[in-house]
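The values are calculated or read from the model by the stated rules, or taken from the named source; none is laboratory data. Just so it is clear, the structure is predicted and the values come from calculations on it, not from any experiment. Because the Cβ atoms are built from the backbone with ideal geometry, glycine has one as well, and the counts that use them run over all protein chains shown. Keep in mind that these areas ignore ligands, DNA and RNA; they rest on the heavy atoms of the full protein, side chains included. Shrake-Rupley method; radii C 1.70, N 1.55, O 1.52, S 1.80 Å.
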Amino acid sequence: MPEGIRHVFVYGTLRRGGRNDINRLAPAPRYVGMGEVKGHLYHFDWYPGLALGGEEAVTVVGEVYEVAPQLEAVLDAIEGLLPDDASEYLKRELEIEVNGLALPCFLYEINPQRLQGRQTIGHGDWVLFHSS
């Protein structure tokens, strides 16, 4: 893999067909496959927030892409990433199995401070929830 290329796990509006479809961004990502994490998806108007782990965690599905550092910076901006705990999302690093391989990925987890009064969507697929 070229230097600086990393993997991202996207589970919400960045998924294919979503409002912020990663495939419409530049430089273009390369689709690797589907992945899963354990957690809860919360409903925030037109977008979700993922909280990893927790009691009664569900399988949250998403897409994994290879991204260049320039695209990672664009994703950070879309997710409103800030250098302090006021950020809406926090960047997390974990291994996600894709096509039988454990890949180091980053993802955007909702800041736990933002969960007050929010409802989970009850399952782990934002695309299914948002299309219903």
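Shape of region 53-110 from the C-alpha gyration tensor: oblate (a/c of 1.5 or more and a/b not above b/c, with a ≥ b ≥ c the square roots of its eigenvalues). Scaling the Cα radius of gyration of the chain by the globular reference 2.2 N^0.38 Å produces a ratio of 0.99.
At 1.4 Å probe radius, can you tell me the per residue accessible area of the chain in Å²?
That works out to 54 Å² per residue.
From its DSSP helices (H runs of at least four residues, each -39,500 (n - 2.57)), the chain gives a residue-normalised ellipticity at 222 nm of -3000 deg cm²/dmol. In order along region 89-99, phi translates into HN-Hα couplings of 10, 10, 7, 10, 10, 7, 8, 10, 7, 9, 6 Hz, rounded to whole numbers, per the Karplus curve 6.51 cos²θ - 1.76 cosθ + 1.60 with θ = phi - 60° and x for Gly and Pro.
Output the relative contact order of region 12-66, whole-number percent, from Cα pairs under 8 angstrom with separation of 6+ residues.
38 percent
Entry note, region 57-132: relative contact order of 30 percent, from Cα contacts under 8 Å with a spacing of 6+ residues. Against the chain, whose longest principal axis is taken from its Cα atoms, helix 69-78 shows a tilt of about 20°. Contact order for the chain, expressed relative to its length and based on alpha carbon pairs under 8 Å spaced 6+ residues apart, stands at 32 percent. For region 49-92, GluC sites (Glu not before Pro) are listed when DSSP marks them as loop and at most 10 other Cβ atoms sit within 10 Å of their Cβ; the list is GLU55, GLU56. Taken about its Cα centre, region 1-125 carries a charge dipole of roughly 340 debye when the Cβ of each Lys and Arg holds +1 and the Cβ of each Asp and Glu holds -1.
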